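Novice: Mind having a look at this structure? Questions to follow.
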Amino acid sequence: MIKKIAITAALSLWAGQSMADFQWELGASYLTGDFDSEAGDADIDELVVNGSWYFEPVSTSEGPLGEAKFFDRASSIDVVATDGEIDYDGDDVDISTYGIDTRWVFNREAGWLVDLGYEFDEEDGEETDSFTLGGGKYIFEETLVTLSYTYSDPDNGDDIDAYEVELEHSFELGHSHFKIEAAYEYEDPSEGSDADIFLGRIIYYPRKNLGFGADYERIDEEENFQNWSVFGRWFVTESFAVIAIYRDFEVTHGSEDVDGDAVFVNALVRF
């Protein structure tokens, strides 16, 4: 459940003097991009706002600041809302998403957890409701495995059952941290072709407040889709972060290819 404003006076590349716990996260993001095909070109612009409330204050004493909730095994409620527009050579399509997810780590020492989620998507007046149920366990101190099931019910089109397994693992090498994430999802529509989805991500943290990473996603079905991204995350202070992402994607449908890229910027504040 693989995928966030303030301007501060003191800028520091090292936020390690006094690690402040937090119980809230608020973020705002903007994405802009374009894609090209033989059928025409299109531009996309999207605004995202999101927030998280944690059942208990999250400690930042262990691991990188960007992985605090992973290391602290935090329970949370997360909400997100997006509003955007795709411009197909002058023909505008509105897109929006509203979602709520909760993760309850009911035994922090043993590492058992439950995930629940709901998402509402609308594109050009067509609506889709999705419901997710999942669970998992920290099988080692810094290794988490989760399994989930998602049922999607679009107004027009096939209902979809999706099953996903995800692995997260963090390790320390010298004075640096690495985080590896991998997931496989199988989508089974009531009619039509099944889909296999593969995702991978690696993040390198040379410092507690600074991280760089890359990820890759591939969807194999009648229409093949793949994208890769590179990104950076900088906690300017222990409570304020900025994130920048560049994404390149390609869709192959028969003999037709669609290529595009996008830039994503995000600001996050904790308190």
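The values are calculated or read from the model by the stated rules, or taken from the named source; none is laboratory data. Just so it is clear, the structure is predicted and the values come from calculations on it, not from any experiment. For neighbour counting, all protein chains shown are included, and Cβ atoms are generated from backbone atoms with ideal geometry for every residue, glycine included.
Novice: Of all residues in segment 35-54 being loosely packed, with under 14 Cβ neighbours inside 10 Å and of a type in the set (D, E, K, R), which is modelled with the lowest pLDDT?
Specialist: By that ranking, first place goes to GLU38.
Novice: So GLU164 ticks every box in (1) of a type in the set (Asp, Glu); (2) buried (at least 17 other Cβ atoms within 10 Å of the Cβ); (3) in a loop (DSSP other than H, G, I, E, B) but one. Which box is left unticked?
Specialist: GLU164 satisfies every listed condition except (3).
Novice: Continuing with this model, one more query. Considering only segment 78-108, how many residues are crowded, with 17+ Cβ neighbours inside 10 Å, of a type outside the set (Ser, Thr, Tyr) and within 19 Å of PHE264 (Cβ to Cβ)?
Specialist: Of the residues in that region, 5 qualify.
Novice: Please give the number of the condition TYR184 fails out of (1) closer than 22 Å to ILE202 by Cβ; (2) over 19 Å from the mean Cα position of the chain (by Cα); (3) exposed (fewer than 15 other Cβ atoms within 10 Å of the Cβ).
Specialist: All conditions pass for TYR184, except number (2).
Novice: Something else about it: Kindly indicate the residue of segment 206-229 that is part of a loop (DSSP other than H, G, I, E, B) and touching a Ser or Thr at 6+ places or on another chain (Cβ under 6 Å) and also surrounded by the fewest Cβ atoms within 10 Å (Cβ to Cβ) among those meeting that condition.
Specialist: So, considering only residues that are part of a loop (DSSP other than H, G, I, E, B) and touching a Ser or Thr at 6+ places or on another chain (Cβ under 6 Å), the one surrounded by the fewest Cβ atoms within 10 Å (Cβ to Cβ) is GLU222.
Novice: Does ILE203 fit the bill of being farther than 24 Å from GLY157 by Cα and either assigned to a strand (DSSP E or B) or modelled with pLDDT of 95 or more (or both)?
Specialist: Yes; evaluated as a whole, the condition is true for this residue.
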